[in-house]
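The values are calculated or read from the model by the stated rules, or taken from the named source; none is laboratory data. Quick caveat, the model's predicted, so the values are computed rather than measured. Neighbour counts run over all protein chains shown; Cβ positions are idealised from the backbone, glycine included. Surface areas here come from the heavy atoms of the whole protein model, side chains and all, with no ligands, DNA or RNA. Shrake-Rupley method; radii C 1.70, N 1.55, O 1.52, S 1.80 Å.
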Amino acid sequence: MASVGQELLDVPLPEMVMKLGLGVAEAQRALDENSVETAKLLADTEVPLVLAITQTIAADGSVSFTQAPPVDVSLLQIGLMPTFYQFAEATIEVTMDIKTTMSRETNIKVSAKAKVGFAMWSASVKTDVSHNRKFGKEVRGTSRMITRMVPVPPPARLEPVLNVVDNRPAPAG
Amino acid sequence: MRASPGGPAGIYGKFGATVEFQDGPPGLFLVVSANGDPSALVVVHGGQVALRLNGSGAVVVARMTLTQALSLQRERGIRMVGGIHMNLGRYQALLASLGAVGINQE
C-alpha cells in the first residue's frame, strides 16, 4: 500500500503549474487581441464633434443657437481608450485528505465428532482457521486555482501623440 | 451555465471544473452587434446603454461589470465586447488643439 508521503508526492503539481501558466498565457493573448480589436474599432469609428455653440440672446429676450460646423474625429482621438487587462496573480491550492485503515480478522472453527460402534470406535476433530486482513484507503483531493486580473494602462505607443507646430509669425509688438 | 444578470458572481462549468468570476465594479464596454441594435441584450444581461455610436445602432457603449460583459459576449448576435475607458486628459488636449476654449460671454 502506498504511503501517505507517496500519495503527496504523486500530486502532479509541476503539471498543474505548467497548465495554469499556459492557460494564463492563452487567456492573456485572447484579452490582448480583444483590446486591440477594440482599439481598431475606436480608431475606425468617427463621430461629428461640435466645437462651438453660440447662444444669442436678442434684445427682445428671444434665444437662438448656432453651432460651428462639426469636425469628424475618431473615438480614439476623443479619448476613448481600450482597456487592457493583465493577470496580476495566480495561486494553486491543493488539499488532500488521506485515510488509511487496516483490520485483521481470524476465524477458528473447531468441530469434533466421535462414533462408537460394535467393537470399534472412531473420533475426529476438525479445525478450520482462516485469517483475513483488510486494507482500506480513501484519498480525496481538491485543487483550486485563483487568478486575479487587473486593468492596466494601454501600451505607451498605442495612442498617437498630438504635437502642434505653430509656424505663424509672432505678432509685432 | 450562464451568470445571472446583475448577480454578485458568475459560475460556469468549464474544463471539467467550476469556474467562478467575482464581480468588480462596473465599467464601460464597447458592444458591437452582428446585426441590429444590441441594447436589448445589454439590458437583459444587467447592463445600461450609455451611448449609441453610429446611425445603424449596431455599436453602443454600455456600462456593465466584467461578468456581465463576458456573459453578453456569448450571445450569438454579439460580434464583440471590449472594455474601454475615457481618458479625460486626452479629450481636453484634443479640444484645446481644435480651438475649443470653453464658455465665452460677451
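Brief remarks follow.
- Couplings for region A:68-74, taken from phi via the Karplus curve 6.51 cos²θ - 1.76 cosθ + 1.60 with θ = phi - 60°, read 5, x, x, 10, 7, 10, 7 Hz in order; Gly and Pro are left as x.
- Separation of alpha-carbon centers, region A:36-61 and region B:82-97, rounded to whole Å: 13 Å
- Annotation for residue A:67 and residue B:22: the two label points, set 7 Å from Cα along the Cα-Cβ direction, are 4.5 nm apart.
- Gyration tensor verdict on chain A (Cα atoms; rounded if a/c is under 1.5, prolate if a/b is larger than b/c, oblate otherwise): prolate
- A full extension of the chain between residue A:103 and residue A:36 corresponds to an added length of 17.7 nm, given 0.36 nm per residue minus the alpha carbon distance.
- For the pair A and B, the buried accessible area comes to roughly 2100 Å² in total, with a 1.4 Å probe and the value rounded to the nearest 100.
- Per-residue mean of C-beta atoms belonging to partner chains within 10 Å, peptide A:75-87: 5
- Degrees between helix A:13-44 axis and first principal axis of chain A (Cα, 0 to 90, nearest 10): 20 degrees
- Ignoring aspartates and glutamates fewer than eight residues from residue A:109 along the same chain, the ones with Cα atoms less than 19 angstrom from its Cα are A:128.
- Evaluated with a Cβ-only charge set (Lys, Arg +1; Asp, Glu -1), region A:1-142 carries a dipole of roughly 2320 debye about its Cα centre, given to the nearest 20.
- Förster radius 45 Å - calculated FRET efficiency between residue A:128 and residue A:17 (Cβ-Cβ, nearest 0.05): 0.20
- At R0 = 25 Å, FRET efficiency that the Cβ-Cβ distance of residue B:63 and residue A:28 yields, to 0.05: 0.50
- Only Lys, Arg, Asp and Glu carry charge here, each on its Cβ (+1 for the first two, -1 for the last two); on that basis the protein assembly as shown has a dipole of about 2160 debye about its Cα centre.
- Other protein chain C-beta atoms within 10 Å of residue C-beta, averaged over B:73-86: 4.
- Shape category assigned to region A:50-123 from the gyration tensor of Cα positions, a/c cut at 1.5: prolate
- When the helices of the protein assembly as shown are scored as -39500 (n - 2.57) per DSSP H run of n ≥ 4 and the total is divided over every residue, the value at 222 nm lands at -7500 deg cm²/dmol.
- Less than 5 angstrom separates the built amide H of residue A:83 from those of B:83, B:84, B:85, all sequence-distant by 5 or more or on a different chain.
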